[in-house]
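What follows draws every value from the coordinates through simple rules; no lab data is involved. Predicted, not measured: the structure shown is a model, and the values here were computed from it. Glycine also receives a Cβ, built like all others from the backbone with ideal geometry; neighbour counts cover every protein chain displayed.
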Amino acid sequence: LATSWQGFGCRMRFGLVSNKRIAMTASFILNDTDDLNDTSDIDVQVRTVAESYFNDRPDWYRFRMSTLQQLLSSADSRIRRCTGVVVTDVVTGDPIQEPANNFTQEFQSLLTHFYLTDAGVNTSYSPPQ
C-alpha cells in the first residue's frame, strides 16, 4: 500500500475492525391504501437501500438516523415517508444510538462496522392519513 497507493507525504495507520450484527425496524406511511395489499416489492426495495447504507458506504463506521430515514423514504415511489427507524443489536436486542464521529487527532485502533443483512430488516406500513 505504501509503495503503490499512499502517495507523497501521506501517512497511514492500520487498526482493527469489529463487526456488530444489527437489525433495523422501520415504519412507513404509503401513498395509497391499495399499496397495503401486497408490500413484498416495497420490502425488497427497503431492504436493498438499508443494506447498502450500512455496508457499502465509505464511512461505514457510523450512521445517522435522519439520513437513513431520508433514504428509506425514497426507496420506493409508493412510500410517502418513513416515520421512524430503530436500530438494534442482534445479540442483545438493545437499541443502538448513533455513534459519535470517530475521527479526531488521536488514532482509533478499533472501528465498529454495523453489519446489516436483508434478513435483519423489519418493516411496518400504514395507510395515508
Exercise for the section: Using packing as a proxy for protection, rank 37-44, 72-79, 18-25 so that the peptide with the highest average count of other Cβ atoms within 10 Å comes first. Expected result: 72-79, 18-25, 37-44
Exercise for the section: Starting from the amide H of Y115, placed 1.01 Å from N in the peptide plane, find each other amide H under 5 Å away whose residue is 5 or more places distant or on another chain. Expected result: K20, R21, I22
Completion exercise
Taking placed amide H atoms and a strict 5 Å upper bound, the residues 5 or more places from S126 or on another chain that come that close are F28, I29, L30
